[in-house]
Amino acid sequence: MSTCSESVVLSCENVAKSFDGKMILQNVNLHLNRGELVCLLGQSGVGKTTLFHVLAGLYQPDEGRVLLNGEDVTGKPGKISYMLQKDLLLPYMSVLDNTAMPLIIAGKKKKEARAEASSHFADFGLEGCQKQYPSQLSGGMRQRAALLRTYLSSRGVALLDEPFSALDTLTKSAMHRWYLDVMRRIELSTLFITHDMDEAIVLSDRIYVIGGRPGTVTAEIVIKEPKPRPDDFVLSETFLRYKRRLVSLL
Amino acid sequence: MTRKLRNITDKLPPVIALVVLVAVWAAVCGFGSIPSYMLPSPGSVVKAFVSDFPLLMQHAGATLTEAFAGLGIGILLAFFTASLMDRFSPLYRAVYPLLVVSQTIPTIAIAPLLISWMGFGMAPKITLVVLTTFFPITVGLLDGYKSVDPDAISLYRSMGAKNGLIFTRIKLPSSLSYFFSGLKISASYAIVGAVIAEWLGGFEGLGVYMTRVKKAYSFDKMFAVILLIVIISLLLMGLVALIKRAVMPWERKGAKES
């Protein structure tokens, strides 16, 4: 599942981005294969979120290009969506309308958009919450609703910017298990930002280490362990070996 | 049951304070330490209120018409100005200081000017109400538009949302509670603004009636008008709160902590 020979869904080539003459990203090359979960790991301020903005088409890079299924989507928003640490659900819309927003933006009729969004509620563990407002949901459920919204706007690719970092440890590991399961079922490929090494090792097929100033990919690690990984994986010698390697790289 | 009880005990202190105040007022008048033509007793104010009721309602009708017309125009104007200022930031920077300065001009000073420009009809009154109600709503809306998380806008842009949709689906609904805060203030300003304009000249309205009874030294009637203005202002603010509840149902649903 983690070899590079599989079909690439998303890639960026030689991406560079500067703000006010200050280089933030330089020569960034990476790719995401179908069905893969790849983590971007790096310290804060290294340009991970800027890179996501470029991938999502919100920033036009100074150099380089972004390819989605072979199509050049550089600087074109609306092709790939991403999800942030904050769920950003709109408080004045029901959970159903919130999740249907990307479909409405894409031009679907309200009724159709609602029906389509609603059909995924069970998969995302949200069944029965359609008519509730986001403030009535728990943190974990809000995050799942945000993930459903991302999924409905992403056409198979999701960019997640620290989506679980605001959750407590127990909810977080439950969300990890759930996310890997749902990803497999709905054939979602995921690029994932985190600064949590453990999270990266548990979830990823591959990890890109981002570092330096300007930021670039400084290392790539393949986590060969098959998925789903057992709960005690975090206690195993293999896990520690990966972690030691990452510590030495960061 | 306990909630109802708490509701009652919450309201007890202000009710007691009001009762004490009225009692002191009645006592002062009752002991004859202040002549009744200077300070009418609460009883005579109520009596004047009841006996003058038809006349009061007739004048209140005129005042309310001015207040509603002015408030309506004020809301539209505020909405238009705030939306333009939000859309074009140079306009925001240019106009905002002017808006603030305009609020330091005393209403009482512009009212006679308006009357000499527009005559004794309703036009100067409505204009004054527009001027006083426009500002709180504009500022409320501007703050509301600015309150939207930029990350939310980035997120929806990444989904391909254009400016129009971001405005109608995100900025506008997000600023509703700010709008209603402004509207609540403006609603009370509207009545006071209309009364002040009527004071300075006109044919009917509570302000006109006030100047008449004042000249006749009928202070009991004067107090009755003040009482009516207070009641109307409170009712209007209540109406705004009711509309807010109806328009923003998500505010009522209890937020559950995760």
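The values are calculated or read from the model by the stated rules, or taken from the named source; none is laboratory data. Remember, predicted model here, so these are calculated numbers, not experimental data. Don't worry about glycine lacking a Cβ; one is built from the backbone with ideal geometry, like all the others, and counts go over all protein chains shown. For accessibility, only protein heavy atoms count, side chains too; no ligands or nucleic acids. Shrake-Rupley method; radii C 1.70, N 1.55, O 1.52, S 1.80 Å.
Computed quantities for the displayed model
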read-out	value
Evaluation of B:L114 against (1) in a helix (DSSP H, G or I); (2) among the aliphatic types (A, V, I, L, M); (3) within 14 Å of chain A (Cβ to nearest Cβ) (one fails), failing number	(3)
Only one of B:S177, B:S188, B:S154 that is within 11 Å of chain A (Cβ to nearest Cβ), open to solvent by 10 Å² or more (accessible area, probe 1.4 Å), over 25 Å from A:A106 (Cα atoms) and part of a helix (DSSP H, G or I)	B:S177
Candidate set: region A:23-50, residues that are of a type in the set (S, T, Y) and in a helix (DSSP H, G or I); chosen: the one nearest to the other protein chains (Cβ to nearest Cβ)	A:T49
Hits in region A:99-111 (condition: surrounded by fewer than 16 Cβ atoms within 10 Å (Cβ to Cβ) and within 13 Å of chain B (Cβ to nearest Cβ))	A:A106, A:G107, A:K110
Region A:212-224: number of residues that are open to solvent by less than 10 Å² (accessible area, probe 1.4 Å) and closer than 30 Å to A:K22 by Cα	2
Within region A:225-250, considering residues that are touching a residue at least 12 places away in the same chain (Cβ under 8 Å) and closer than 30 Å to A:A16 by Cα, the one surrounded by the fewest Cβ atoms within 10 Å (Cβ to Cβ)	A:V247
Number of positions in region A:51-67 that are surrounded by fewer than 22 Cβ atoms within 10 Å (Cβ to Cβ) and either closer than 25 Å to A:G140 by Cβ or more than 9 Å from chain B (Cβ to nearest Cβ) (or both)	7
Checklist (1) under 14 Å from the mean Cα position of the chain (by Cα); (2) away from chain B (no Cβ under 12 Å); (3) open to solvent by 10 Å² or more (accessible area, probe 1.4 Å); (4) not charged (D, E, K, R) applied to A:M197, failing item	(1)
Boolean, B:I137 is of a type in the set (V, I, T), within 11 Å of another protein chain (Cβ to nearest Cβ) and open to solvent by less than 10 Å² (accessible area, probe 1.4 Å)	no
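Matching residues to (1) more than 10 Å from every other protein chain (Cβ to nearest Cβ); (2) among the charged types (D, E, K, R); (3) touching a Ser or Thr at 6+ places or on another chain (Cβ under 8 Å):
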| site | (1), (2), (3) |
| --- | --- |
| A:E71 | yes, yes, no |
| A:G78 | no, no, yes |
| A:D97 | no, yes, no |
| A:A113 | yes, no, no |
